[in-house]
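Structure record follows, encoded as structure tokens.
The values are calculated or read from the model by the stated rules, or taken from the named source; none is laboratory data. None of these values were measured; they are calculated from a predicted model. No Cβ is skipped: glycine too gets one built from the backbone with ideal geometry, and neighbour counts run over all protein chains shown. These area figures cover heavy atoms from the full protein model, side chains too; ligands, DNA and RNA do not enter into them. Shrake-Rupley method; radii C 1.70, N 1.55, O 1.52, S 1.80 Å.
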Amino acid sequence: RMLTEDLPDAVDQALLYRNLDGDAATAQVTLLRDQEALRGQLADLGLVAFVGNGAILPRQAGNSDLPLEQGATPFTSPKSLEVSITLPSGRTVTGMGIPEGIVVIIGGGYHGKSTLLNAVERGVYPHVPGDGRELVATVPDAVKARAADGRAVTGVDLSPFISHLPGGRDTAAFTSKNASGSTSQAASIIEAIEAGATALLLDEDTSATNLLIRDARMRTLVADEREPITPFVDRIGALAAAGVSTVMVMGGSGDYLDVADQVLLMDSYELRDATEQAAAVVASQPRKTTALPQWPTANPRRPLPSPPRERRGPIRTRSRGLDQIQLDREEIDVADVSGIVDPGQTEAIAHALRALLEQRFDGASSLAQCLEDLDALLDDEGLDALGSAHERPAFLVRPRMVDVAGAVNRYRSLGLA
């Protein structure tokens, strides 16, 4: 009965248009096309993200994607940043355009700073009708870089942020099986750039304080030659000049006001442009800087294929939720790769990592080239390219290459030429 009655009936009800709500299906397809078109226009408009007027950004809870139904303040753009964009459906939407460069979101605690950044972070994906963030769009390769104590780092050039380490350890090709908060976040920033990210998202709540700032008093007390870490505030300008924008939440330090192109003030979930006010503060309270004139060019890392294995056959893969990938006996913690939002993506990343290790990593091609080839392969063949049907689960969701790179960089057995 299950095979001949229940299953055919389920297929009939789910997949045949005559059994669907035609208006709802049409509305969802129209919305999806509009969202993809909106996202596709951002770079041409010189924007990192767009947040539509009327959007409901707060969620019901920290572990929920459902919109807050009561008491939520609809988003309204400051007039100075307001833009209008025409979509394929024919409608014109108006909202805030977050420009390329350095944008700092400030404000008191619990006033909505992180809520806005989280909406921008999720704007790399389309949303279903009723989500509240349907008109929030972000450039598709934006990456949130956070501290992750204990993660693996392999051969990453941290020298823009960390000049030296005790014992003479090399920071130009830093490797650790158990990185600290500052080194892990510095590595995440460098790795995101290597993977092709054009926008970084940072929140002070999930960042290593000593990587973000080093105030005047601490500079006086601890001599520069004794402090190996150069804070992000002194590198962010060189990144922007190299074409990598930053949108960050900062509520505890005014140092970033010096380098910000745009300062946005969140007050009880209402946003205003505080750029001119911030400039006046900077003029009255100047800050010493050790900024780089330009972002250094790093040597590309060239991953090696899978090391020799005791077990024959393909590498066994498994995923658990949004946080864990297992290759044979090694577990990869991807909990801090914030672009993974569906368990099907975790599963697809596990299979993508296996494909890279078995078929693409050769010690001669850079990681960026390998990811570019994998992305092109998925464009041509879809998710079927990640393995034969009998060894691949049915429900895979295509991941972004920057998130595949996040898993590669957390693989403790990664070898480099």
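Residues in the stretch 299-314 that are surrounded by 15 or more Cβ atoms within 10 Å (Cβ to Cβ), under 23 Å from the mean Cα position of the chain (by Cα) and in a loop (DSSP other than H, G, I, E, B): Arg301, Arg302. In the stretch 259-273, the count of residues that are in contact with a Pro (Cβ under 6 Å, 6 or more places away or on another chain), more than 22 Å from Ala348 (Cα to Cα) and of a type in the set (Asp, Glu) is one or more. Would you check if Gly363 is open to solvent by less than 50 Å² (accessible area, probe 1.4 Å) and either at positive phi or more than 24 Å from the chain's Cα centre (by Cα) (or both)? So Gly363 passes the test. Scanning the stretch 77-117 for residues that are among the polar types (S, T, N, Q) and touching a residue at least 40 places away in the same chain (Cβ under 8 Å) yields Ser77, Ser80, Ser89, Thr94, Ser114, Thr115. Screening the stretch 151-163 for residues that are assigned to a loop (DSSP other than H, G, I, E, B) and of a type outside the set (Phe, Trp, Tyr) and picking the one that is most open to solvent (accessible area, probe 1.4 Å) gives Ser163.
In the stretch 361-374, the residues that are closer than 14 Å to Ile193 by Cα reach residues that are exposed (fewer than 14 other Cβ atoms within 10 Å of the Cβ) and not hydrophobic (A, V, I, L, M, F, W, C) with C-beta atoms within less than 9 angstrom, at least six apart or across chains, in these pairs: Ser366/Pro300; Leu367/Pro300; Ala368/Pro300; Gln369/Pro300. A residue that is in contact (Cβ under 8 Å) with a residue 12 or more places away in the chain, part of a loop (DSSP other than H, G, I, E, B), basic (Lys, Arg) and at negative phi occurs nowhere in the stretch 261-278. For Ala61, are the conditions met, namely being in contact (Cβ under 8 Å) with a residue 24 or more places away in the chain and small (Gly, Ala, Ser)? Considered against the rule, which asks whether it is in contact (Cβ under 8 Å) with a residue 24 or more places away in the chain and small (Gly, Ala, Ser), Ala61 comes out as no. Could you tell me whether any residue of the stretch 345-358 is assigned to a helix (DSSP H, G or I), open to solvent by 50 Å² or more (accessible area, probe 1.4 Å) and under 13 Å from Leu304 (Cα atoms)? Looking through the stretch 345-358, at least one residue is assigned to a helix (DSSP H, G or I), open to solvent by 50 Å² or more (accessible area, probe 1.4 Å) and under 13 Å from Leu304 (Cα atoms).
Of the residues Ala368, Ala376, the single one that is in a helix (DSSP H, G or I), over 27 Å from Ala173 (Cβ atoms) and open to solvent by 20 Å² or more (accessible area, probe 1.4 Å) is Ala376. Scanning the stretch 263-280 for residues that are surrounded by fewer than 20 Cβ atoms within 10 Å (Cβ to Cβ) and touching a helix residue (DSSP H, G or I) at 6+ places or on another chain (Cβ under 7 Å) turns up just one, Asp273. Looking at the stretch 164-231, the helices (runs of 4 or more DSSP H) lying wholly inside it that each contain 3 or more residues that are of a type outside the set (Gly, Ala, Ser) and open to solvent by less than 70 Å² (accessible area, probe 1.4 Å) sit at 181-194.
Each residue in the stretch 5-20 was checked for being open to solvent by less than 100 Å² (accessible area, probe 1.4 Å) and either modelled with pLDDT of 90 or more or not in a helix (DSSP H, G or I) (or both), and 11 pass.
Quick one: in the stretch 315-333, which of the residues that are touching a helix residue (DSSP H, G or I) at 6+ places or on another chain (Cβ under 7 Å) and outside any strand (DSSP E or B) is most open to solvent (accessible area, probe 1.4 Å)? Among those that are touching a helix residue (DSSP H, G or I) at 6+ places or on another chain (Cβ under 7 Å) and outside any strand (DSSP E or B), it is Leu322. Scanning the stretch 95-140 for residues that are open to solvent by less than 20 Å² (accessible area, probe 1.4 Å), of a type outside the set (Asp, Glu) and part of a loop (DSSP other than H, G, I, E, B) yields Gly101, Gly112, Gly123, Val124, Gly132, Arg133, Val139.
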